[in-house]
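Engineer: Here you go, one structure.
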Amino acid sequence: MSISLYVNGAIYTMDAARPRAQAMAIDSASGRILAVGSDDEVRRAGDRHAQVIDLRGRTVLPGFIDAHIHLLMEAYRSHNINAGQCASEDEVAELVRQRAAQTPAGQWILGGQWYKGLWPGQQFPTRASLDAAAPQHPVALWSKDGHVLWVNSLALQRANIRADTPEPPNGAILRDGDGNPTGILQEQGATSLVYRVIDRHDPTLTRHLVEGKLRELQSKGITGIHEIEDNEAFRLLQQLRDEGVLHTRVQMILPRQMLPQLRAIGVQSGFGDDMLRLGGIKIFADGTLGSQTAAMLDGFEGNPDNRGILAIPEQQMRETVSAAAEMGISIAIHAIGDRAARVALNSIELAQRQLATAGSHGQARTSKLRYRLEHVQLIAPEDLQRMQRLGVIASVQPFHAVADRDLAERYWGQRHRRAYAYRTMQQMGIPLALGSDAPVETFDPLRILYATTMRNDTETTQRPPWLPNQALPISQALWAYTLGAAYAGGEEESKGSLTVGKLGDAVVLREDILKVPLEKMPENGVQATIVGGNMVYGEV
Ligand SMILES: [Zn+2]
């Protein structure tokens with residue numbers, strides 16, 4: 001047995017039974033914690049071969065768990081065209097022109113992060129500018145929120161989208177006065193028409209990019225993620241796990257479209273091992289705020305006829321949620337608008353009632369089954385109460401609150417005052433789990449914690465905090481980033497706190513995060529990251 005003794009630290013365990021400790025012993029073979037307590041108590045757990053690591057009084061927390069990330073997309077974001085800083089359609093086209101000059105004709109040019117809210121006029125771009133920039137390459141560029149795809153004529157041709165193409169279900173093809181597609185495709189029903197004809201990623205490049213991204217996560221103190229992607233990511237992560245180079249614990253949340261396959265093999269949430277598990281399925285209930293495709297109970301401000309888009313018919317949502325729950329598969333539902341949250345909760349309530357009625361005649365049960373709403377940016381007060389009553393987890397990304405503040409005020413009007421209401425949720429007893437939604441926003445936990453506790457972005461501190469009464473106290477924010485996220489994954493018995501028997505995953509910070517002023521949060525740094533007792537990043 002190889003034992004690591006971490007001594008002389010200021011440990012916040014997140015375990016209510018013993019919140020503070022000085023030292024911990026971790027068995028590196030099993031990755032589990034053997035002892036937590038004073039230096040003397042913990043030293044007794046070691047033998048003469050034990051490795052002693054002096055924490056020099058530094059602060060130790062359970063490792064951060066990002067409950068909502070898209071790892072492959074994040075990895076490719078740094079590789080593909082990044083139009084995030086472009087101030088006009090022409091500037092994006094110029095980036096495409098430069099990329100086309102270095103890319104063999106006929107190959108796809110991909111990228112994203114464009115945001116028309118930054119452009120003069122704030123109009124959707126068209127295929128014409130991309131056609132001029134790259135006449136011989138199919139081009140597809142995602143909007144910043146990932147719900148709109150901007151393509152050129154060659155891409156439309158490859159996808160066989162023409163004037164006479166019927167409108168797809170659960171999406172929209174924008175058209176000019178003659179019915180010709182303008183090059184803007186909204187929501188999955190439409191974007192998938194192009195997405196499915198894009199050549200698959202080169203596996204060698206994907207692996208290289210993902211490994212680099214995992215190292216970045218580790219350098220930020222992240223020891224676990226809930227990875228929301230498909231079989232391509234799942235295959236690669238299995239390979240990395242198999243070779244013993246994953247070093248970040250992953251739970252995989254797969255698209256709802258894969259539910260029939262999961263049913264066919266009878267797998268349940270929690271299947272896997274400490275490095276890689278099946279988490280559940282993801283259902284899109286609606287679109288986004290920025291593209292005004294969030295499903296709203298009342299129309300968008302100044303546009304009362306637009307109540308957004310339900311990304312799945314309500315009946316199909318009900319059937320999917322009920323089927324997944326019966327199989328013991330956790331359900332994560334993307335819900336931005338208040339109508340999306342309502343429809344999602346209707347489905348969850350029904351599924352819970354059906355399971356209760358079925359009693360012991362129902363399918364095999366699992367304690368790992370979780371119901372979660374992703375984002376929950378706007379929700380009616382009575383539905384918040386329903387979340388609490390049904391035990392639905394709010395999986396939230398507090399950086400959205402500070403990044404979207406102007407959009408929320410513009411498109412929701414007075415309703416914005418009860419948007420991103422994390423403090424209200426927490427006080428009502430709704431379990432919170434924090435995450436990033438990278439690549440949409442940063443995955444840096446200290447920047448996210450700053451946004452959570454200060455309701456501001458570290459890069460726009462000249463602005464006043466936004467709805468500061470919804471800021472979470474740091475202790476609650478840390479809970480939601482560790483034990484709360486573990487609970488959202490049905491893994492609170494093995495992760496999320498530094499407790500004997502749990503996995504030895506921790507982050508060592510330069511300063512005491514619960515004592516230094518919140519404004520200093522971003523200057524605090526990650527000194528080291530420990531996974532299963534092994535230091536995977538940094539040194540103390
Ligand atoms: Zn997301």
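Engineer: Condition first: on the phi > 0 side of the Ramachandran plot and open to solvent by 10 Å² or more (accessible area, probe 1.4 Å). Now tell me which residues in segment 376-412 satisfy that.
Structural biologist: Matches in segment 376-412: Gly391 only.
Engineer: Follow-up. Scan segment 345-369 residue by residue and report those that are modelled with pLDDT under 75, in a loop (DSSP other than H, G, I, E, B) and open to solvent by less than 60 Å² (accessible area, probe 1.4 Å).
Structural biologist: Answer for segment 345-369, where residues must be modelled with pLDDT under 75, in a loop (DSSP other than H, G, I, E, B) and open to solvent by less than 60 Å² (accessible area, probe 1.4 Å): Gly362, Thr366.
Engineer: Please go through segment 427-443 and pick out each residue that is part of a loop (DSSP other than H, G, I, E, B), more than 16 Å from the ligand (Cβ to nearest atom) and open to solvent by 30 Å² or more (accessible area, probe 1.4 Å).
Structural biologist: Residue satisfying the conditions is Gly429 alone.
Engineer: Turning to a different aspect of this structure: For segment 273-295, which positions are under 15 Å from the mean Cα position of the chain (by Cα) and outside any loop (DSSP other than H, G, I, E, B)?
Structural biologist: Gly279, Gly280, Ile281, Lys282, Ile283, Phe284
Engineer: Could you give me the residue pairs with C-beta distances under 9 Å whose first residue belongs to segment 68-88 and is free of Cβ contacts under 8 Å to residues at least 24 places away in the same chain, whose second residue is open to solvent by 70 Å² or more (accessible area, probe 1.4 Å) and away from the ligand (no atom under 12 Å from the Cβ) wherever it lies, and which are 6+ apart or on separate chains?
Structural biologist: Going by the 9 Å Cβ cut-off, the qualifying pairs are Gln85/Glu91; Gln85/Leu118.
Engineer: Also, quick follow-up: Could you tell me which of the residues Leu209, Leu259 is open to solvent by less than 40 Å² (accessible area, probe 1.4 Å) and within 29 Å of Glu492 (Cβ to Cβ)?
Structural biologist: Leu259
Engineer: Just a yes or no: is a residue in segment 448-455 open to solvent by less than 10 Å² (accessible area, probe 1.4 Å), of a type in the set (D, E, K, R) and more than 28 Å from Gln251 (Cβ to Cβ)?
Structural biologist: The answer is yes; a qualifying residue exists.
Engineer: Output the residues belonging to segment 195-214 that are over 21 Å from Trp142 (Cβ atoms) and basic (Lys, Arg).
Structural biologist: Hit for segment 195-214 is Arg207, nothing else.
Engineer: Please work out if Thr191 is more than 19 Å from the chain's Cα centre (by Cα), within 16 Å of the ligand (Cβ to nearest atom), polar (S, T, N, Q) and crowded, with 16+ Cβ neighbours inside 10 Å.
Structural biologist: yes
Engineer: What number of residues within segment 19-54 are closer than 19 Å to Lys515 by Cβ and either outside any strand (DSSP E or B) or not hydrophobic (A, V, I, L, M, F, W, C) (or both)?
Structural biologist: Summing the residues that are closer than 19 Å to Lys515 by Cβ and either outside any strand (DSSP E or B) or not hydrophobic (A, V, I, L, M, F, W, C) (or both) in segment 19-54 gives 3.
Engineer: Filter segment 50-68 down to the residues that are open to solvent by less than 40 Å² (accessible area, probe 1.4 Å) and small (Gly, Ala, Ser), then identify the one that is farthest from the ligand (Cβ to nearest atom).
Structural biologist: Ala50
Engineer: Continuing with the same structure: Considering each residue of segment 499-530, count those that are of a type in the set (Val, Ile, Thr), closer than 18 Å to Lys220 by Cα and surrounded by fewer than 24 Cβ atoms within 10 Å (Cβ to Cβ), and give that number.
Structural biologist: Total meeting the criteria: 2.
Engineer: Would you mind finding the one in Leu259, Leu240, Leu254 that is in contact with a Ser or Thr (Cβ under 7 Å, 6 or more places away or on another chain) and outside any loop (DSSP other than H, G, I, E, B)?
Structural biologist: Leu259
Engineer: Taking the criterion of being at pLDDT below 95 and within 27 Å of Tyr420 (Cβ to Cβ), would at least one residue in segment 477-485 satisfy it?
Structural biologist: no
Engineer: Further question: Can you say whether His208 is out of contact with any strand residue (DSSP E or B) (no Cβ under 6 Å at 6 or more places or on another chain) and more than 30 Å from Asp505 (Cα to Cα), as far as the supplied structure shows?
Structural biologist: Answer is no for this residue.
Engineer: Quickly run through segment 156-188 and pick out the residues that are part of a helix (DSSP H, G or I) and free of Cβ contacts under 8 Å to residues at least 40 places away in the same chain.
Structural biologist: Correct list: Leu156, Gln157, Arg158.
Engineer: Considering only segment 459-498, how many residues are in a loop (DSSP other than H, G, I, E, B), open to solvent by 30 Å² or more (accessible area, probe 1.4 Å) and either in contact with a Pro (Cβ under 8 Å, 6 or more places away or on another chain) or hydroxyl-bearing (Ser, Thr, Tyr) (or both)?
Structural biologist: The total comes to 1.
The values are calculated or read from the model by the stated rules, or taken from the named source; none is laboratory data. Just so we're clear, the structure is a prediction, and the values are computed from it rather than from any experiment. Positions of Cβ are generated from backbone atoms using ideal geometry, with glycine treated the same way; all protein chains shown enter the neighbour counts. Just so you know, the surface numbers come from the protein's heavy atoms only, side chains and all, with ligands and any DNA or RNA stripped out. Shrake-Rupley method; radii C 1.70, N 1.55, O 1.52, S 1.80 Å.
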